[in-house]
Amino acid sequence: MQSSDQVSRAYRAFAPLYDAFYGKVLEPGRRAAIRGMGLNPGHRVLEVGIGTGLSLSAYPRGVEVVGIDIAPQMLDKARRRAARSLLEPRPELRVMDARKLELADASFDSVVAMYVVSVTPEPERVVAEMVRVCRPGGAVVIVNHFRTESRLIRWAEVALRPLHRLVNYSAELDREDFLRRTGLQVVWSARANVLGYSTVLYCRREPVSEPASEVDPTRVTAATD
């Protein structure tokens, strides 16, 4: 298991290449997650592992966005991107370990982690912290790749293995095991990105009775309290 310092060093080296590899190709998943949260002006959102701020253009104006990342070099790029954006209020970007959030309990309406749980040490601790800082009934959203039996996707994973090693990415995270270990209750899920490579998991902080379903993320509008 990598330490926080090791993860930070890996992303320090990868920061100049991050947008090229994870920009356009993963953009549909980011937009589906943000659209699915049904955000309105005045809502407060925490994005865990915001990286270089590729998601910022998808947030509606009037939403208060707080983004954290363990790598200062990634956040330097995110700050420059935020300065060019039309977002008001201006996003708050902070260096922070997602396993120990320096944030108050129940202080966000929604908490999202996009393409994070397969690269972070101790994903269960990360999710527990996400749940802690989300208000009761708020949205906890995960966007990630989970293990698949698709031969085409498996072939792509083999081709990308050297890149995955650089950031300690695991393509073998099992969705059901992840949900069991984190205790997340899925309200709806959707496939996103090329070949359905990624999955958007929309969860509520409190357990829900609705069964999880596969949906078209372009047609989902999450209920808001």
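The values are calculated or read from the model by the stated rules, or taken from the named source; none is laboratory data. All values derive from a computational prediction rather than experimental measurement. Heads up, the Cβs are rebuilt from the backbone with ideal geometry, glycines too, and the neighbour counts pull from every protein chain shown. Just so you know, the surface numbers come from the protein's heavy atoms only, side chains and all, with ligands and any DNA or RNA stripped out. Shrake-Rupley method; radii C 1.70, N 1.55, O 1.52, S 1.80 Å.
Some notes on this structure:
- Screening residue 112 on (1) open to solvent by 10 Å² or more (accessible area, probe 1.4 Å); (2) modelled with pLDDT of 95 or more; (3) outside any helix (DSSP H, G or I) shows it passes everything except condition (1).
- Some residue of the range 4-22 being open to solvent by 50 Å² or more (accessible area, probe 1.4 Å) and modelled with pLDDT of 85 or more: no
- Of all residues in the range 60-82, those satisfying the criterion of being open to solvent by less than 10 Å² (accessible area, probe 1.4 Å) and either in a loop (DSSP other than H, G, I, E, B) or not hydrophobic (A, V, I, L, M, F, W, C) (or both) are 63, 67, 71.
- Just one of (1) within 15 Å of the chain's Cα centre (by Cα); (2) closer than 30 Å to residue 147 by Cβ fails for residue 24. It is (1).
- Per the conditions (1) touching a strand residue (DSSP E or B) at 6+ places or on another chain (Cβ under 6 Å); (2) open to solvent by 10 Å² or more (accessible area, probe 1.4 Å); (3) under 27 Å from residue 173 (Cβ atoms), the sole criterion not satisfied by residue 117 is (2).
- Qualifying residue in the range 108-117 (condition: acidic (Asp, Glu) and without any contact (Cβ under 8 Å) to a residue 60 or more places away in the chain): no
- Residue 142 being farther than 20 Å from residue 32 by Cβ, assigned to a strand (DSSP E or B) and under 17 Å from the mean Cα position of the chain (by Cα): no
- Test: residue in the range 83-106 that is out of contact with any Leu (no Cβ under 9 Å at 6 or more places or on another chain), open to solvent by less than 10 Å² (accessible area, probe 1.4 Å) and under 28 Å from residue 174 (Cβ atoms): no
- Hits in the range 122-145 (condition: open to solvent by less than 10 Å² (accessible area, probe 1.4 Å) and within 21 Å of residue 198 (Cβ to Cβ)): 126, 127, 130, 139, 140, 141, 142, 143, 144, 145
- Evaluation of residue 30 against the conditions (1) of a type outside the set (Gly, Ala, Ser); (2) assigned to a helix (DSSP H, G or I); (3) open to solvent by 20 Å² or more (accessible area, probe 1.4 Å); (4) modelled with pLDDT of 75 or more shows that the sole unmet condition is (3).
- Test: residue in the range 152-173 that is under 19 Å from residue 30 (Cα atoms) and modelled with pLDDT under 95: yes
- Complete set of residues in the range 83-107 that are assigned to a loop (DSSP other than H, G, I, E, B), under 28 Å from residue 136 (Cβ atoms), in contact with a helix residue (DSSP H, G or I) (Cβ under 9 Å, 6 or more places away or on another chain) and among the hydrophobic types (A, V, I, L, M, F, W, C): 87, 98, 101, 103, 104, 106
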